[in-house]
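> Let me begin by handing over the structure; questions about it come next.
None of the figures in this text is laboratory data; all of them are computed from the coordinates on show. From a predicted model like this one, the values you see are computed outputs, not experimental measurements. Neighbour counts are summed over all protein chains in view; Cβ atoms, including those assigned to glycine, are modelled from backbone coordinates with ideal geometry.
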Amino acid sequence: MRYRWLCVVVMAIAVVGLLARGVPAAGLGGKAVKLGAIYSITGKGAEWGEHSKIATEIAVEEINRAGGIGGVPVEVSIQDTGTEVGPAISLARKLILEDKVLAILGPCFSSEFEALAPLLDRLKTMIVSQCSAKPGISALSTWAFRNTLTSDKQLDPAIKIWKDRYGVKSAVIIYDSADAVSAAEGSKVLPALLKKYGVEVKEVLTYQTKDIDFSAQITKAKSVNPDGIALGACYQQAANIVREARKQGMKQPFLGSACVGSPEFAKLTGQEGEGTIIGSAGWPDDPKPKTAAFLKKFMERSGGKKPNYGGMRSYDNVYIMKHVIETSGVTNKPGDLEADRARIREGWSKVKDFDGITGLTTIDANGDGTGKATVLTVKDSQLVKVEY
Amino acid sequence: MLGPYFEDVLVQLGINVILALSLYFPLSAGQLSLGQGGFMAIGAYASSWLTAAQGWPWPAAFALGTAAAAGVGALVGLPALRVRGIYLVLMTMAFGEIVRVFFLNFEPTGAAQGFRGMPFVTTLPLVAALALVVAVLAARTASSRVGRAFAAIKRDELAAEVIGIDVTRAKLVSFSVGAAVAGLAGALWAHYVQFIEPEEFGFHRSVMPFTFVVVGGLETYWGALVGAAALTLLPEWLRFLKEWRLALYGVAMLVVMVVRPQGLVDHRLVEAVRRLVPRPLKEGAR
Amino acid sequence: MLAQQLVNGVMLGAVYALIAIGYTLIFGVLGMLHLAHGEVFMIGAFVGLVVATHLSGNVMLALAAAMLATGLLGLLIERVAFRPLRGAHHLAPLATTIGAGIALQETARWYFGPEQQGFPATITLTLWEVGPLRVSSVQVFILAAALALMAAVHLFLARTRAGRAVRATAEDPAVAGLLGVNVEAVILITFFVASTLAGAAGVLVGLAYNSVHPFIGVQMGIKGLVVMLLGGLGNVPGAMLGGVVLGVLEVLGVAYLASSYRDAFAFGAVMVILLWRPEGLLGLRVQRRD
């Protein structure tokens, strides 16, 4: 009886000690902490992947200069999915089976995430997306995490601002029915939220990711004369839809979220996209010192471009990964690979109030991030935050 | 032991070999199809729907998926009897695209967003076994009465008809066997990646077996085998070239065809190899 | 709305027609499919984009540069992917052109990047209201350019010596050769003309839709094939008509059904045409070379 008490006390002290100070730096074995990353560096999500890559490299350099993870340098093998599902799956398998990484950063796109998540129960390695926004899909596996806000959370405040600012009473929805997150937004999220705010949906139109001609959709949208157009789209197509609308003489304001929220959208549309309201999950110009320092480094490497929220959250994810590895008893010995992977998953499920450049991160029971959405608007070809 | 990644490559190789042979069957009767992607889609979607949504055991689902592809193959084969040459190429291409558009709009299998939920079935031993079965089928057919009928049609349709070959039936059989084999490849692929979407079965998927067979050689089924193997492994070997990998792949294809328009393997090469192989080994093939 | 949708369709169709004319010329003369023709179109779009963005804002110059570049590219493709295969199996050029197409896509990806790019908004956009229609200056330019090019091709084929030689070779290469037509020269001329048209189409698509990327040729190439078939293989006026028909059908499909049915028309039409009217819409000439 006395021994059991003693055990509990000792363990409690040990746990408190670990939580307070982290595992000592000398705790990790191996030559390097190996992580994988599957980013959409080319294809329709190119800018999202490119920004994630730059942000990840910045974080890795900072960490390694400061002594690595648990005293061991971290290595992230960054792979390009081309924003396609097939390569995303085979690259994840390669990283897990051949390169024996501890965990995987990414993928960004919901279509990739949704297809990969169910396979993780067999591969027993966690993934953490920095931008996937389709509601509900983290629940597909206990190994699937997303440190970001789903598009319903991003769109809710954006729609309110859009409606109030432009007096929108009726809208047309145009969405990409071949893209997972866009389709979820166009067919479920947007109709529900527009209804919630009393905006009548006059018409729902679709396109396919590979389409280049949006004239038919715009002509049809124009014929019902809505007060605004809500998009479930990625930034390139969104930009072309906006330009086509202006070409056909429509002056109505646009609304978007998730994949539209890229600085490239503002650049591509220029004057024509002015005033578009975008729900997002990160603001690069946040004056917080950490964020400002990151922004400076990022812009040095991106040729002056500001990061989208996927880039910002990738940076946070590397640091959360460091925190989790150092505090969840990972040994990084080759024989412990499976146990280490499980420990990292366990650690991620318990992340609470981690202070990063996008704010405080807490992972909920589904494995999704929580927090307050950022609303952006296009002004002079730049994304600017709207206070609310 | 093989690394798990190399095992992945071999699984893809096996599926590509089956896909290449699926084109070999109609080609052996002089019919080129640029619509094998469509048959593959039918096999993939049918078998996946059965395992994922209906809970069927995979062997039954695979069988039905293959049969569905064969059935549609016969339906397409019938009107295809009227067209030949370049017109057949365009028609089968259009068929493949129509299948893609169908699945793009077919809600029960997820439409544009793709379909998932099928179990992991396609292991290397299974793929290897099925590829072997199909290869043996191709070899047996080539040396059988049916195969000789196919060859006669390929050479001269009119002459074949004159010597009493039922051209209509032979063409239909060759076409639907090819479709069935493509359907099998589709079922295997779907239960390997566990996620399928219509875009995967577009034109580029139909072009794949075509390049395998043309680069490998149109004369014998060995061409399909060698072509599929070479073109699946080539991008892996070229991995050190990084982003130049696929460009060189294209150039390599061009160069092979210019140097050897008949493809890598022709009858002469098969004969030459056969002479090198000691006799007892051939007993199994008899 | 219908009238505006028809305008949209004709715009798209004009571009399809330019690509299809190239296909049909090459097929008419060689009896072979040129599966890298879509990539020639893509290179044209990029060349036009570079000239318009970096060298000068002049669209006419961009068009001319793109046409010259793709014309030369067409000659190169003929040299490496077709000429070595004279007399080989008729499927061999399909493989060489697929290989050439992949090489061109990847080269473009390396050089221009994989991203979708658009023309700078340098051409000031003027909008005209014509009754219920709204037509932009860009659209007028595109339509005018496409029509001018088609007229030029028509005149070239009908009135010039070289054009007559092309038609004679398309009719029967052996006879044309016997009658003193330099068949090799005709082939080169055909490739050059066909490729310049594809290059021009590339620039026009870039202007109209702001979507130039290394893989755009695949989709456009397939559409060009469909249009060629609609018009009848080797039939130039047919390709023009076929392009407009397909463009209008696609736009109406998107407007009245759904975007996912866009391609159903193209390929449904191919099936119907092949089974019911293999000589194409105009039915001027049946060309069967099996």
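> Any idea which of C:VAL270, C:PHE27, C:VAL218 is furthest toward the positive side of the dipole for chain C, if Lys and Arg beta-carbons carry +1 and Asp and Glu beta-carbons -1?
Result: C:PHE27.
> Quick one: putting +1 on the C-beta of Lys and Arg, -1 on the C-beta of Asp and Glu, what dipole do you get for chain C around its Cα centre, in Debye to the nearest 20? Kindly include the intermediate steps, with their values, before the conclusion.
Numbers: 15 positive and 12 negative charges, 98 e Å.
Computed about the Cα centre, the dipole is about 480 debye.
> For peptide C:100-112, how many partner chain Cβ atoms fall within 10 Å of a residue's Cβ, on average?
The shielding value for this peptide is 4.
> Taking amide H positions as placed in the peptide plane 1.01 Å from N, state which residues far from A:THR374 in sequence (5 or more) or on other chains have amide H under 5 Å from it.
When sequence neighbours closer than 5 places are left aside, the close amide H contacts are A:SER280, A:ALA281, A:GLY282.
> Once R0 is set to 56 Å, what does the formula 1/(1 + (r/R0)^6) return for the Cβ-Cβ distance between A:GLU387 and B:GLU107, expressed as a FRET efficiency to the nearest 0.05? Numbers along the way, then the final one.
Numbers: r = 42 Å, r/R0 = 0.75.
The computed FRET efficiency comes out at 0.85.
> Within the set of other residues whose C-beta is less than 12 Å from the C-beta of B:GLY147, count the net charge using Lys and Arg as +1 and Asp and Glu as -1. Intermediate values should be presented prior to the final figure.
Numbers: positive: B:ARG140, B:ARG145, B:ARG148, B:LYS154; negative: none.
Cβ neighbours under 12 Å give a net charge of +4.
> Here is a further query. Do any of A:LYS124/A:LYS196; A:LYS196/A:LYS372; A:LYS53/A:LYS195; A:LYS94/A:LYS306; A:LYS94/A:LYS134 go past 30 Å between their Cα atoms, and which? Walk me through the numbers before you get to the answer.
Numbers: A:LYS124/A:LYS196 40 Å; A:LYS196/A:LYS372 19 Å; A:LYS53/A:LYS195 38 Å; A:LYS94/A:LYS306 32 Å; A:LYS94/A:LYS134 26 Å.
Over 30 Å apart, Cα to Cα: A:LYS124/A:LYS196; A:LYS53/A:LYS195; A:LYS94/A:LYS306.
> Over the protein assembly as shown, what lengths in whole Å, largest first, do the semi-axes of the equivalent ellipsoid take, defined as the square roots of 5 times the eigenvalues of the alpha-carbon gyration tensor? Please report the intermediate quantities before stating the final value.
Values: eigenvalues 460, 281, 117 Å².
Gyration-tensor ellipsoid for the protein assembly as shown: 48, 38, 24 Å.
> Please give me the summed charge of the neighbours of B:ALA170: other residues whose Cβ is under 12 Å from its Cβ, Lys and Arg +1, Asp and Glu -1.
On the way: positive: B:ARG145, B:ARG148, B:LYS154, B:ARG169, B:LYS171; negative: B:GLU157, B:GLU161, B:ASP166.
Local net charge: +2.
> Mind listing the long-range amide H neighbours of A:CYS108? Cut-off is under 5 Å, sequence gap 5 or more, other chains count too, H placed in the peptide plane at 1.01 Å from N.
A:SER40
> Same structure again: Expressed in nm², what is the orientationally averaged projection area of the convex hull enclosing the Cα positions of region B:4-202?
Values: hull surface 43.3 nm².
Averaged projected hull area, Cα only: 10.8 nm².
> Can you list the HN-Hα couplings for region C:156-165, worked out from phi with the Karplus curve (6.51, -1.76, 1.60; θ = phi - 60°), rounded to whole Hz and with x for Gly and Pro?
4, 5, 7, 10, 8, 4, 4, x, 5, 4
> What does the average come to when, for each residue of peptide C:248-260, you count the partner chain Cβ atoms lying within 10 Å of its Cβ?
On the way: counts 0, 0, 3, 5, 1, 1, 12, 7, 2, 1, 8, 15, 14.
Across the residues of C:248-260, the mean count of other-chain Cβ atoms within 10 Å is 5.
> Excluding C:LEU35 itself, calculate the net charge of residues whose Cβ lies under 14 Å from the Cβ of C:LEU35, where each Lys or Arg counts +1 and each Asp or Glu counts -1. List each step's numbers first, then the result.
On the way: positive: C:LYS223; negative: C:GLU39, C:GLU78.
Charge balance near C:LEU35 sits at -1.
> In nm, to one decimal, how far is the modelled label at A:LYS296 from the one at C:TYR111, with both set 7 Å along Cα→Cβ?
Rounded to a tenth, the inter-label distance reads 4.0 nm.
> Can you pull the three principal axis extents for the Cα set of chain C, in Å, largest first?
56, 45, 36
> From the gyration tensor of the Cα coordinates in chain A, what semi-axes in whole Å does the equivalent ellipsoid have, largest first, with each one equal to sqrt(5λ)? Present the calculation step by step, with values, prior to reporting the outcome.
Working: eigenvalues 323, 80, 76 Å².
Listed largest to smallest, the semi-axes of chain A are 40, 20, 19 Å.
> Follow-up. Where does helix A:309-327 land angle-wise versus the long Cα axis of chain A, in degrees 0 to 90, nearest 10?
10
> Let me ask something else. So how do A:281-293, A:183-195, B:97-109, A:142-154 stack up, highest first, on mean other-Cβ count within 10 Å? Walk me through the intermediate numbers first.
On the way: A:281-293: 17.5, A:183-195: 21.7, B:97-109: 19.5, A:142-154: 26.4.
Top to bottom by mean Cβ count within 10 Å: A:142-154, A:183-195, B:97-109, A:281-293.
> Give the peptides C:253-264, B:187-198, C:81-92 in descending order of average Cβ contacts within 10 Å, highest first. Mind showing how you got there, number by number?
Details: C:253-264: 20.6, B:187-198: 26.1, C:81-92: 17.6.
Answer by packing, highest mean first, reads B:187-198, C:253-264, C:81-92.
> Identify all aspartates and glutamates with a Cα-Cα distance to A:LYS160 below 17 Å; exclude those on the same chain that are fewer than 8 residues away in sequence.
A:ASP152, A:GLU185, A:GLU200, A:ASP227, A:GLU387
> Out of all DSSP beta bridges in the protein assembly as shown, what portion is antiparallel? Express it as a percent rounded to 5. Display every interim value, and only then the final one.
Values: 22 of 54 bridges.
Antiparallel bridges make up about 40 percent of those DSSP assigns within the protein assembly as shown.
> Now for a separate question. In terms of modelled amide H atoms, which long-range or inter-chain residues lie less than 5 Å from the amide H of A:MET126?
The answer is A:ILE104.
> Between B:ARG169 and B:HIS204, how high is the FRET efficiency from 1/(1 + (r/R0)^6) when r is the Cβ-Cβ distance and R₀ = 35 Å? Nearest 0.05.
Working: r = 32 Å, r/R0 = 0.93.
Given R0 = 35 Å and the Cβ-Cβ separation, E is 0.60.
> Got a sec to turn the phi values of region C:194-203 into Karplus ³J(HN,Hα) couplings, 6.51 cos²θ - 1.76 cosθ + 1.60 with θ = phi - 60°, whole Hz, x for Gly and Pro?
Per-residue couplings from phi come out as 4, 6, 5, 5, 5, x, 4, 4, x, 4 Hz.
> Can you show me the helix-derived [θ] at 222 nm for chain A, built from DSSP H runs with n ≥ 4 at -39,500 (n - 2.57) apiece and divided by the number of residues, rounded to the nearest 500.
Details: 14 runs with 162 residues, N = 388.
Taken over chain A, the calculation gives -13000 deg cm²/dmol.
> Further, regarding this structure: Relative to the longest principal axis of chain A, what angle (0 to 90°, nearest 10) does the C-alpha long axis of helix A:235-247 take?
Computed tilt is about 10 degrees.
> Continuing with the same structure: For region A:210-224, take each phi angle, set θ = phi - 60°, evaluate the Karplus expression 6.51 cos²θ - 1.76 cosθ + 1.60, and give the result in whole Hz per residue in order, putting x for glycine and proline.
7, 5, 10, 9, 10, 4, 5, 4, 5, 4, 5, 4, 4, 5, 9
> In addition: Just checking the output field for B:191-198: average partner chain Cβ neighbours within 10 Å of each residue's Cβ?
Numbers: counts 0, 2, 7, 6, 11, 3, 7, 3.
Other-chain Cβ atoms within 10 Å of each residue's Cβ, averaged: 5.
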